[in-house]
Amino acid sequence: MLDSDLKEQLTSVFGVLENEIVLSYCNSEHNDQRELIEMLESVASCSSKISTRSSETSHPIPQFQILKSNSPTGITFTGIPGGHEFTSLIVGILNSDGKGKLPDSPITQRIKRIKCPVRLKTYISLTCENCPDVVQALNQMALLHKDFTHEMIDGANTQSEIEALGIQGVPSIIANEKLIHSGRITLSDLISKLEETFGTEATALEPIEQNLGHFDVVVVGGGPAGTSAAIYSARKGLKTVLIAERIGGQVQETKGIENLISVPYTEGPQLSAQMSTHLSHYPVQMLENRKVKNITKNETTHIQLESGEHLSGKSVIITTGAKWRELGIPGEKEYLGRGVAFCPHCDGPFYKGKKIAVIGGGNSGVEAAIDLAGIADEVVLFEYNDRLKADQILVSKLQSLPNTKIMTSAKTKEILGDGKRVTALQYEDRSSQEVKSISLDGIFVQIGLIPNSQFLKGTLDLTPMGEIKVDDKGRTSVPGIYAAGDVTTTPFKQIIIAMGKGARTALAAYEDQMYPH
């Protein structure tokens, strides 16, 4: 099942295992059952600590659990975890033995406080690049929580369930037969979602509130700008901490990168991993899976985290980047994952042979429409302005496709549905002011990015669009607070520019500390 090179790699990876790990599979008459057993036996052959066995139970679809020392871990895989999910299997084995990268103590305390029991299912696609992050995060929660189970389900094998649940996007997290989230989500936001869904309970656990100390430089954000700022600060000998939901930020969702000078081609996850490795070569304290609640300025700058932790710094560099912009119209949130989507690569396959809309006439919107035209029966592109903003080469390609239509001067007003899924889009023809409706099966939103600066309102000067106003050295309206990257007014949102601005701002902060005005 696995080639010799991969088995050699896994043998090395599993060399750290100390406890007995059992991959316990159900009996099944499904056509893929033999393939599952062969995969599990091939993985088990890479370590004397891993074994396989039948659970003596039956299931219509190939299914297995991970056991540690013959005890359930709460982790179940339904379907064969190939494709991107193969990594989730390997990480699940390592995490079950307490190995690999696990949440630190404050995050673990939050997870353990989620009110039990927690029973979750995540429907995934093996081609989805966002799904493994969610699967691995929920698997870790199952390992850390006393009464928490998580089941990954390959949606390709459960079409009737997907239809009954109204799922039209992945990953889709289900609790008590209800959709609680669809699409990519960070660990910190996922914990907040579960706290909101299940509640929290007071326990005898240690209090989360904790003073993490004082630093010369606090970098908020782990994308290209934040990574660069942290490295340059550490190189200057400054005591540096980096606070981030995840290293890489928006770069994690970038498919192909061909304009990073000296690197002809890379992809977002690979570049993010390289940034994390580079950071590890410097004495930068890492606070991952964290979000800043607020920042206040006195003699020093005080940062309060949503986790309950707090810290202070002489200089703070904000590099929180941007996130996908939402339409902000009725029906958008209600039908997220049930007809409203943001990722064409992940959710496009759900709309094979259907009629869909793409909202946004920039490069991302037109590229999405072109890609989706190869899957859907018909694609209608909506643009608010009277012409598309995308590069002409992309526009020409879109216009050449027989199953696409372009609607300009169209203001989206409401997403309509039958309570289970999207059925139509209501829009205003800006030329005639006439309100119209078009029947659709799905809507992909591609209208650009919005700065992650909401927590700074009232603290720093922002533009009406939410960008942080900065000078030519990254200084903001508050002395001692700096900003760099896509969250700022700096034009041209590019990875290479964010890296340069992060370095520049770190050097400016160092200069201001050494030679105060």
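The values are calculated or read from the model by the stated rules, or taken from the named source; none is laboratory data. Treat the numbers as computed from the prediction; the structure is a model and nothing was measured. Ideal geometry is used to build each Cβ from the backbone, glycine not excepted, and the neighbour counts take in all protein chains shown. These accessible areas exclude ligands, DNA and RNA; they are computed on the full protein's heavy atoms, side chains included. Shrake-Rupley method; radii C 1.70, N 1.55, O 1.52, S 1.80 Å.
Please go through segment 485-517 and give me each residue that is hydrophobic (A, V, I, L, M, F, W, C) and farther than 14 Å from VAL217 by Cα, ordered by number. Steps first, please.
So in segment 485-517, the residues hydrophobic (A, V, I, L, M, F, W, C) come out as 487, 492, 495-499, 503, 506-509, 514.
Answer for segment 485-517, where residues must be hydrophobic (A, V, I, L, M, F, W, C) and farther than 14 Å from VAL217 by Cα: VAL487, PHE492, ILE495, ILE496, ILE497, ALA498, MET499.
Residue-wise test of (1) open to solvent by 50 Å² or more (accessible area, probe 1.4 Å); (2) among the β-branched types (Val, Ile, Thr); (3) out of contact with any strand residue (DSSP E or B) (no Cβ under 7 Å at 6 or more places or on another chain); (4) within 21 Å of ILE243 (Cα to Cα).
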| residue | (1), (2), (3), (4) |
| --- | --- |
| VAL445 | no, yes, no, no |
| GLN454 | yes, no, yes, yes |
| LYS457 | yes, no, yes, yes |
| THR463 | no, yes, yes, no |
| THR490 | no, yes, yes, no |
| THR505 | no, yes, no, yes |
| ALA509 | no, no, no, yes |
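Within segment 303-345, count every residue that is part of a strand (DSSP E or B), in contact (Cβ under 8 Å) with a residue 40 or more places away in the chain and over 19 Å from the mean Cα position of the chain (by Cα). Even if it seems obvious, please write down each step before you answer.
The first filter runs over segment 303-345 and keeps only residues part of a strand (DSSP E or B), leaving 303-305, 309-318, 322-324, 336, 340-341.
Applying the additional criterion that residues be in contact (Cβ under 8 Å) with a residue 40 or more places away in the chain yields 303, 305, 309-318, 322-324, 336, 340-341.
Remaining after also requiring over 19 Å from the mean Cα position of the chain (by Cα): 303, 305, 309-318.
Total meeting the criteria: 12.
Residue under question is LEU36, and the condition is that it be touching a Pro at 6+ places or on another chain (Cβ under 7 Å), outside any loop (DSSP other than H, G, I, E, B) and open to solvent by less than 80 Å² (accessible area, probe 1.4 Å); does it hold? Give the steps one after another, and end with the answer.
Details: touching a Pro at 6+ places or on another chain (Cβ under 7 Å): yes; outside any loop (DSSP other than H, G, I, E, B): yes; open to solvent by less than 80 Å² (accessible area, probe 1.4 Å): yes.
For LEU36, the condition - touching a Pro at 6+ places or on another chain (Cβ under 7 Å), outside any loop (DSSP other than H, G, I, E, B) and open to solvent by less than 80 Å² (accessible area, probe 1.4 Å) - is met.
If the Cβ limit is 8 Å and pairs must be 6+ apart or interchain, which residue in segment 15-33 that is over 13 Å from ILE50 (Cα atoms) and in a loop (DSSP other than H, G, I, E, B) pairs with which residue that is open to solvent by less than 60 Å² (accessible area, probe 1.4 Å) and modelled with pLDDT under 95?
Sorted first by the residue in segment 15-33, then by its partner, the pairs are HIS30/ASN157; ASP32/ASN157.
Specify the residue that is nearest to SER4 (Cα to Cα); the eligible residues are those in segment 39-77 that are among the aliphatic types (A, V, I, L, M) and not in a helix (DSSP H, G or I).
Of segment 39-77, the ones among the aliphatic types (A, V, I, L, M) are 39-40, 43-44, 50, 61, 66-67, 75.
Then drop every residue that is not not in a helix (DSSP H, G or I), which leaves 50, 61, 66-67, 75.
Details: ILE50: 18, ILE61: 28, ILE66: 24, LEU67: 26, ILE75: 27 Å.
Top of the filtered list is ILE50.
So, SER4, is that one modelled with pLDDT of 95 or more and either exposed (fewer than 14 other Cβ atoms within 10 Å of the Cβ) or touching a Pro at 6+ places or on another chain (Cβ under 7 Å) (or both) or not?
On the way: modelled with pLDDT of 95 or more: no; either exposed (fewer than 14 other Cβ atoms within 10 Å of the Cβ) or touching a Pro at 6+ places or on another chain (Cβ under 7 Å) (or both): yes.
Answer is no for this residue.
Under the condition of being without any contact (Cβ under 8 Å) to a residue 12 or more places away in the chain and among the small types (Gly, Ala, Ser), which residue from segment 149-189 is surrounded by the most Cβ atoms within 10 Å (Cβ to Cβ)? Give the derivation first.
Taking segment 149-189 first, the residues without any contact (Cβ under 8 Å) to a residue 12 or more places away in the chain are 159-160, 163-164, 178.
Remaining after also requiring among the small types (Gly, Ala, Ser): 160, 164.
Values: SER160: 7, ALA164: 11.
Residue satisfying both the conditions and the ranking: ALA164.
Open to solvent by 30 Å² or more (accessible area, probe 1.4 Å), touching a residue at least 24 places away in the same chain (Cβ under 8 Å) and more than 18 Å from TYR351 (Cβ to Cβ): does that describe ASN139? Outline the logic, then answer.
On the way: open to solvent by 30 Å² or more (accessible area, probe 1.4 Å): no; touching a residue at least 24 places away in the same chain (Cβ under 8 Å): yes; more than 18 Å from TYR351 (Cβ to Cβ): yes.
Judged against the criteria, ASN139 is not a match.
If you scan segment 224-262, which residues turn out to be out of contact with any strand residue (DSSP E or B) (no Cβ under 8 Å at 6 or more places or on another chain), of a type in the set (Lys, Arg) and at pLDDT below 95?
LYS255
Which one is nearest to GLY417 (Cα to Cα) among residues in segment 281-301 that are over 19 Å from the mean Cα position of the chain (by Cα) and open to solvent by less than 60 Å² (accessible area, probe 1.4 Å)? Let's see the steps before the verdict.
Just the residues of segment 281-301 that are over 19 Å from the mean Cα position of the chain (by Cα), to begin with: 281-285, 293-301.
Restricting the remaining residues to those that are open to solvent by less than 60 Å² (accessible area, probe 1.4 Å) gives 282, 284, 294-295, 300-301.
Details: TYR282: 52, VAL284: 49, ASN294: 37, ILE295: 41, THR300: 51, THR301: 47 Å.
Restricting to residues being over 19 Å from the mean Cα position of the chain (by Cα) and open to solvent by less than 60 Å² (accessible area, probe 1.4 Å), the top hit is ASN294.
Show the residue pairs meeting these rules: Cβ distance below 6 Å; 6+ apart or different chains; first residue within segment 425-437 and farther than 19 Å from LEU336 by Cα; second residue assigned to a strand (DSSP E or B) and of a type in the set (A, V, I, L, M).
GLU428/VAL435; SER437/ALA424
Taking segment 355-394 on its own, how many of its residues are closer than 22 Å to VAL422 by Cβ and surrounded by fewer than 16 Cβ atoms within 10 Å (Cβ to Cβ)?
Residues in segment 355-394 being closer than 22 Å to VAL422 by Cβ and surrounded by fewer than 16 Cβ atoms within 10 Å (Cβ to Cβ): 2 in total.
Assess whether LYS146 counts as being free of Cβ contacts under 8 Å to residues at least 40 places away in the same chain, open to solvent by 40 Å² or more (accessible area, probe 1.4 Å) and outside any helix (DSSP H, G or I). Write out each step before concluding.
Working: free of Cβ contacts under 8 Å to residues at least 40 places away in the same chain: yes; open to solvent by 40 Å² or more (accessible area, probe 1.4 Å): yes; outside any helix (DSSP H, G or I): yes.
For LYS146, the condition - free of Cβ contacts under 8 Å to residues at least 40 places away in the same chain, open to solvent by 40 Å² or more (accessible area, probe 1.4 Å) and outside any helix (DSSP H, G or I) - is met.
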